[in-house]
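The values are calculated or read from the model by the stated rules, or taken from the named source; none is laboratory data. What you see is a predicted model; the values in this text were computed from it and never measured. When we count neighbours, we look across all protein chains shown, and the Cβ atoms used for this are built from the backbone with ideal geometry, even at glycine. Side chains included, ligands, DNA and RNA excluded: accessible areas come from the protein's heavy atoms. Shrake-Rupley method; radii C 1.70, N 1.55, O 1.52, S 1.80 Å.
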Amino acid sequence: MMMRARILAAAVTAGLGLALAAPASAAEGNVELPKQNWSFNGPFGTFDQAQLKRGYQVYGQVCSACHSMHLLYYRNLMDIGFSEAQVKEIAAGVEVTDGPNEEGEMFTRPGRPSDHFRSPFPNDNAARAANGGALPPDLSLIIKAREGGANYVYGVLAGFTDPPAGVTVPQGMHYNKVFPGHMIAMNPPLSEGLVDYGGEPKATVDQMAQDVTAFLAWASEPEMEARKRLGIKVMLFLIIFTGMLYAVKRKVWANIH
Amino acid sequence: MASTVHSTAHGAHGDGGTRRDFLYLATGAMGAIGAGLAAWPLVDSMNPSAEVLAVSSTEVDLAPVAVGMALTVKWRGKPVFVRHRTDKEIKEAEDVNVAELRDPQTDKARTEKPGWIVVVGICTHLGCVPLGQKPTDPRGDYGGWFCPCHGSHYDTSGRIRKGPAPKNLAVPAYTFLSDSKVKIG
Amino acid sequence: MSAPAINNRFLKWFDDRLPVVSFMQHELHEYPTPKNLNYWWNFGSLAGICLVIMIATGVVLAMQYTPHVSLAFLSVERIMRDVNYGWLLRYLHMNGASMFFLVVYIHVFRGLYYGSYKSPREVLWWLGLVILLLMMATAFMGYVLPWGQMSFWAATVITNLFSAFPLVGEPIVTWLWGGFSVDNPTLNRFYALHYLLPFVIVGVVVLHLIALHKHGSNNPLGIPHKGPQDSIPFHPYYTVKDLFGLGVFFIVYMALVFFAPNMLVEPINYVPADPLVTPPHIVPEWYFLPYYAILRSIPDKLLGVIAMFGSLLILFVLPWLDTSKVRSARFRPIYKKLFWVFLADCIILGWVGYNPPEGHFIVIGQIATAYYFLHLLVIMPIVGKVERTRPLPDSISAPVLKGAHKEKA
């Protein structure tokens, strides 16, 4: 199966003559991204729900302090294995601004599953002001919006190191071996045991980076599993149907030439 | 499109004719099925989307609505009338001779709790919003709601009593979560 | 080869009042098609089907899209996340544009190889070029609609091209924008035009077909058909051949849609438009890359713009720049080689267009640009005059096909 998938991918690439589309890594300083073996890679890849739930835990307890995910709704969490009751509870734990009421005042109420994920800051300027001028990007589409996708985001999360000799890191910046330019305003967000996974697996920095990246990949492409499932059916149909059309064509043309 | 293929079957006859006809037919059928399935996403995209369905129920706090008062809430883009009925209104609604009604329904069948009537505020004639929610509104001859568009009169149970409307005001699906909280939808 | 009579009584009655049935019969049964068309001739009907797919998916997407700077990006993401099959429709539309251009470019290069633009098909060729220009305008404006970073900056850069013209340039750009930068009025009018132009394309396609059916299809030998033995009815022969080609096309197209839907877009377009931040590396969609390379190869702003538009407009006079009496490259040994050089030149231009304008890319781009115009303006007229063409076969029918067969590359 994998073999056919790879042939398929190769055929698509060749078919489109994409010699043109070599990645534009030149501008980014040619950082070799650590390639991970994601469960969602390839035409048959799927998400690992347990991992997505852990990833949500990391996002909720760590990243969401600064990063919004404003395209997601709490109800979307049902797609990664939370029950309706759990989603209601998660949503109710958040104060949502609503209104205006009949007196014209805005008010807060507990969140509902039909609410968007609450953003940590009311607007971009407030987010910049609270983060030393750097805007923490919204994470709803981060995997689709970055060259390298999941490998890149994982690479940044796991890429905090001491600067090489001779490199000075300015005040408020941190050295990151994957981030373009290597200077990133974000503090190293993860540390061993930061999130309580309740035993298994161990909450290492690497594990948490993997999990939250998988969660973000799902958030970027929540349709991915449905897309691939339908795609396989469509491809099988088309291959058979095209074969039949070829047979018909042969028969119809048999008496010409 | 693919169905045009099998009309080509009337070409040369002779050996293998049946097998060829079968091939043409099967290919045509396959094409027709494929085209039909391919059209479905286009059609289905016009059905209510996930974020529309997610707000298809709404919870209403009834605590501030005193007896005799009414509340209008928006549910699925339509007004829903919630009225806290007085004892007089309840009695009027229950004492009606059901057999004489245009759309016979008992008040009991239309309410969960006698004190509260919950109806979709859309006149069953041509879709206007009847008056009667505010104390100053005209409420028609039967003390319920009055539709200003074509003069339909509804009683305190939201039943059609006079005028062109054919049916009673619709009762949405709702449940009382507590004495002062109702979930519509 | 005469059409079968209309047997159904209703159809007969109807056809007597609106002759659509006999029109279809005439086009499908009586319209003689050369018997030797190869698979490169599939791409015309494929392009038509692409147009239908784009309009069908586009209409349902339009029902969900909001052309406003603060809502456009969100409405596209709502399509992707909440609308039933919205992701499928959008990916079909987005990748459909690429497939449409791929198909049309193959169709154009087929015409170049087999000399399909030559007398008496010059107007047919012009109409095809008009379709290509309309497609480019439509695709460009469609790319702006999701209002991502690349949408915004593509709109800014391309509309700014018009500022190159002296005196009228600035007022034209302001007029195009409906303001002093790309903003809500721009997005709104691009949406209106993006919806309109496909139907204009449909109109020009009808004219393209009328022009085609006046003299019939060219063929791989490039010689006119001399009698009934040279041709076959379009239906069933070419309908089933086209349908088979359509199946193969769909396999490629669907593989892209379902398994690599974002392969051809820049990731940065999933970042909402920000008028204050330009992405470090702006590239157009792949089908615009060669023109983009020509634009950047010329250091002067106005001349660059003129060269870019000129690279397309020059194709309108191609039927007269090509001085050869022989249509098909099969019988033109020198031109045949030059055709492949020209194709390679276009691909090199695309590759240069993809890369940042630095270092050796600038030189390569300038050489490739120069060769593009050299080929069309100088080499084609001269080669047509001096080339010793190979003898043409007497007719399309059997005996000559042997010699021609091995030419198919």
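Over region C:289-388, Cα pairs under 8 Å with separation of 6+ residues give a relative contact order of 44 percent.
In percent, rounded to a whole number, the relative contact order of region C:324-375 is 32, using alpha-carbon pairs under 8 Å and six or more apart. Computed over chain A with a Gaussian network model linking Cα atoms closer than 10 Å, the most mobile of A:L77, A:L245, A:L33 is A:L245.
Pairs of Lys residues in region C:289-388, spaced 8 or more positions apart or belonging to different chains, with C-alpha separations under 26 angstrom: 5 in total.
Look at the dipole of the protein assembly as shown built from charges on Cβ: of A:V234, C:F101, C:L112, the Cα furthest out on the positive end belongs to C:L112. Under a GNM of chain B (C-alpha, springs under 10 Å), which listed residue has the highest mean-square fluctuation: B:D137, B:D44, B:D155? It is B:D44. Only protein heavy atoms count here; on that basis, with a 1.4 Å probe, B:R76 has an accessible area of about 140 Å².
Charged neighbours of A:K251, selected by a Cβ distance under 11 Å, balance to +3 (K, R count +1; D, E count -1).
Taken over the C-alpha atoms, region C:289-388 has Rg and Dmax values of 14.4, 43 angstrom.
Taking 22 Å as the straight-line reach from the Cα of C:K35, the lysines in range (excluding those fewer than 8 positions away in the same chain) are A:K249, A:K251, C:K118, C:K214, C:K226, C:K241, C:K402, C:K406, C:K408. The GNM of chain A, with springs linking C-alpha atoms under 10 angstrom apart, assigns the highest mean-square fluctuation among A:L236, A:L157, A:L135 to A:L236. Rounded to the nearest 20, the Cβ-based charge dipole of the protein assembly as shown about its Cα centre (Lys and Arg +1, Asp and Glu -1) stands at 3480 debye. For chain C, the Kirkwood estimate of hydrodynamic radius, built from reciprocal distances between every pair of different alpha carbons, is 23.5 Å.
Each residue was assigned an accessible area with a 1.4 Å probe, and for B:L131 the value is about 60 Å².
What's the Kirkwood radius of the protein assembly as shown in Å, using all Cα pairs? Kirkwood radius, the protein assembly as shown: 32.1 Å.
For A:R229, the solvent-accessible surface computed with a 1.4 Å probe is close to 140 Å², ligands and nucleic acids excluded.
Projecting the Cα atoms of C:I55, C:A192, C:L11 onto the charge dipole of chain C (Cβ charges, centred on the Cα centre) puts C:L11 farthest toward the positive pole.
Counting Cβ atoms of other protein chains within 10 Å of each Cβ in A:151-164 and taking the mean gives 0.
Grab the other residues whose beta carbon is less than 12 angstrom from that of C:W41, score K and R as +1, D and E as -1, and report the net. Here the count lands on +2. Quick one: check the C-alpha center-to-center distance for region A:94-159 versus region A:169-197, whole angstrom. About 19 Å separates the Cα centre of region A:94-159 from the one of region A:169-197. In summary, the lysines within cross-link reach of B:K91, defined as a Cα separation below 30 angstrom excluding same-chain residues under 8 places away, comprise B:K74, B:K78, B:K108, B:K113, B:K134, B:K162, B:K167, B:K181, B:K183. Comparing C:M308, C:Y371, C:V383 along the charge dipole axis of region C:289-388, the residue lying farthest to the positive side is C:V383, per the Cβ-charge model. Within the accessible area of the protein assembly as shown, the carbon and sulfur atoms contribute 64%, probe 1.4 Å, all protein chains present.
Relative to the Cα centre, the charge distribution of chain A, modelled as +1 at Lys and Arg Cβ and -1 at Asp and Glu Cβ, gives a dipole magnitude of about 1660 debye.
Rank these residues by their accessible area, most exposed first, probe 1.4 Å: C:S311, A:S64. Working shown, then result.
Working: C:S311 0, A:S64 35 Å².
Highest to lowest solvent-accessible surface, that is A:S64, C:S311.
Entry note, region C:148-239: relative contact order of 13 percent, from Cα contacts under 8 Å with a spacing of 6+ residues. Kirkwood radius, chain A, all distinct C-alpha pairs, inverse of mean reciprocal distance: 21.6 Å. For the peptide C:68-78, the mean number of other protein chain Cβ atoms found within 10 angstrom of a residue's Cβ is 1. Against the criterion of solvent-accessible heavy-atom surface with a 1.4 angstrom probe, C:R121, C:R332, B:R102, C:R296 sort, most first, into B:R102, C:R296, C:R121, C:R332. P(r) for chain B, from all Cα pairs and a bin width of 10 Å, is 9, 27, 22, 10, 8, 9, 9, 5, 1 %, short bins first. Only the Cβ atoms of Lys and Arg (+1) and of Asp and Glu (-1) were treated as charged; on that basis the dipole of region C:289-388 about its Cα centre amounts to roughly 560 debye. Within the shell defined by Cβ-Cβ distances under 11 Å, the residues around B:K113 carry a net charge of 0, with Lys and Arg each +1 and Asp and Glu each -1.
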